[in-house]
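Working notes for the structure below.
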Amino acid sequence: MSDPRPVRLIVLFGGRSAEHEVSCISARSVLAALDPARYDVVPVGITRDGRWVLAEDAQRVLEGGEARALPAALEARGPEVEPLQTIERRSDADAPIVVLPLLHGPFGEDGTVQGLCELAGVPYVGAGVLGSAVAMDKIVAKRLLADAGLPLAKWLGFRETEVGADIALTVGDALGWPVFVKPANLGSSIGVSKVDDARALVPAVDAALSYDEWVVIEEAVEGRELECGVLGNDKPEASMVGEILPSREFYDYEDKYVAGTAGLVAPADIPDEVAAEVQRLAIAAFTAVRADGMARVDFFYEASGRGLLVNEVNTIPGFTPISMFPRLWELSAVSYPELVDRLVQLALERHARRSRLRDGPPDT
């Protein structure tokens with residue numbers, strides 16, 4: 001029997017990564033969609049220097065029942081709180097607690113906050129520690145996806161100490177030109193450069209390495225960009241397939257979050273059998289990286305070439321008003337508020353399932 005009390009939902013936003021602003025915008029959208037009769041909402045911001053603060057301004061607005069009055073992008077400011085004490089359930093008499101991390105990039109999407117929730121013994125939305133860490137690291141994720149037999153574009157990965165004077169020769173021989181250079185552990189197209197020739201490679205690698213000590217270099221694929229949402233735990237479901245139409249040379253940070261001028265065609269204008277294959281591959285990729293709860297899987301589609309290529313798995317996709325994950329599910333008959341409700345229930349289900357596991361030696 002489900003607990004009739006409202007769930008105490010701790011919404012984490014902000015964070016230490018370069019995607020701080022995106023997280024703040026996502027949090028605003030989620031908080032505005034929550035049903036106050038179902039959730040006792042506690043918005044907690046994480047500042048750029050890693051301090052946890054109670055977002056008092058947002059709390060006051062929510063308590064006044066005026067979620068629409070929330071600022072367009074919340075700010076991580078307020079009285080400082082202790083992370084573990086903020087999320088832990090103090091007694092069985094307390095209402096259920098679920099943590100909703102809307103933290104993109106390192107220190108939030110990479111297993112760090114998920115580990116804290118595991119230590120506190122509280123349910124949380126999204127992938128676990130392993131799935132979060134794996135999907136965040138593009139190099140490790142690509143290796144697992146390849147091991148699962150999923151189709152990928154050509155790529156190379158380098159640690160900072162492995163980048164030598166001959167890197168341009170290595171990349172040119174293996175991938176050709178142009179290529180894309182990315183930090184291995186970041187998202188939202190931050191630190192990403194398109195490189196047309198050998199002369200521009202080293203500055204692009206240096207820019208990526210300013211965000212992470214690992215860099216991934218990928219061939220530039222001349223294909224359509226498709227996306228598919230995945231929702232579920234042990235029985236994941238795929239959304240309808242959408243297509244990104246970048247307004248710039250490639251789908252960069254400006255296009256995603258600032259100008260918002262990229263187009264989304266949903267359902268994508270592709271044959272039914274291709275759409276079905278995208279959905280199959282999306283669920284396979286979700287499973288390969290040990291995701292739970294939610295993910296957005298991105299693809300390239302070479303209609304007259306290699307067909308579908310898996311690009312990335314994003315375990316905490318954007319939840320801004322123009323983000324593709326909630327829009328794809330809305331077009332799949334799951335509204336924004338319903339999507340959040342399902343994610344909370346999936347978090348509770350996963351926690352209940354894992355709580356049945358032994359945490360000590362067998363009885364003697």
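The values are calculated or read from the model by the stated rules, or taken from the named source; none is laboratory data. Here the structure is a predicted model, which means the values were calculated and not measured. Glycine gets a Cβ as well: all are built from the backbone with ideal geometry, and neighbour counts include every protein chain shown.
Just one of the listed residues (ALA347, ALA333) is small (Gly, Ala, Ser) and under 21 Å from VAL113 (Cα atoms), and it is ALA347. Please go through the stretch 16-45 and pick out each residue that is free of Cβ contacts under 8 Å to residues at least 60 places away in the same chain, surrounded by fewer than 20 Cβ atoms within 10 Å (Cβ to Cβ) and not in a helix (DSSP H, G or I). Across the stretch 16-45, the qualifying residues are PRO36, ALA37, ASP40. Yes or no: the stretch 55-66 includes at least one residue that is at pLDDT 85 or above and not assigned by TED's automatic domain parsing to the domain that holds PRO326. Within the stretch 55-66, one or more residues are at pLDDT 85 or above and not assigned by TED's automatic domain parsing to the domain that holds PRO326.
Of the strands (runs of 3 or more DSSP E) lying entirely inside the stretch 224-284, those carrying at least 1 residues that are of a type in the set (A, V, I, L, M, F, W, C), touching a helix residue (DSSP H, G or I) at 6+ places or on another chain (Cβ under 9 Å) and at pLDDT below 95 are 237-245, 263-265. Being acidic (Asp, Glu) and outside the structural domain of ILE25 (by TED's automatic domain parsing) is a condition met by no residue of the stretch 86-109. Counting only residues that are assigned to a loop (DSSP other than H, G, I, E, B) and at pLDDT below 95, which one in the stretch 150-176 is surrounded by the most Cβ atoms within 10 Å (Cβ to Cβ)? Only one residue fits best here, namely VAL163. Scanning the stretch 69-80 for residues that are under 19 Å from GLY318 (Cα atoms) and at pLDDT 75 or above gives LEU70, PRO71, LEU74, GLU75, ALA76. Report yes if ASP212 is modelled with pLDDT under 95 and either closer than 22 Å to HIS104 by Cβ or loosely packed, with under 14 Cβ neighbours inside 10 Å (or both), otherwise no. Spelling it out, ASP212 is indeed modelled with pLDDT under 95 and either closer than 22 Å to HIS104 by Cβ or loosely packed, with under 14 Cβ neighbours inside 10 Å (or both). For the stretch 85-115, which positions are hydrophobic (A, V, I, L, M, F, W, C), out of contact with any helix residue (DSSP H, G or I) (no Cβ under 6 Å at 6 or more places or on another chain) and closer than 19 Å to VAL53 by Cβ? Of everything in the stretch 85-115, those that are hydrophobic (A, V, I, L, M, F, W, C), out of contact with any helix residue (DSSP H, G or I) (no Cβ under 6 Å at 6 or more places or on another chain) and closer than 19 Å to VAL53 by Cβ turn out to be ILE97, LEU100, PHE107, VAL113. Does the stretch 335-354 include one or more residues that are in a loop (DSSP other than H, G, I, E, B) and on the phi < 0 side of the Ramachandran plot? Yes, that holds for at least one residue.
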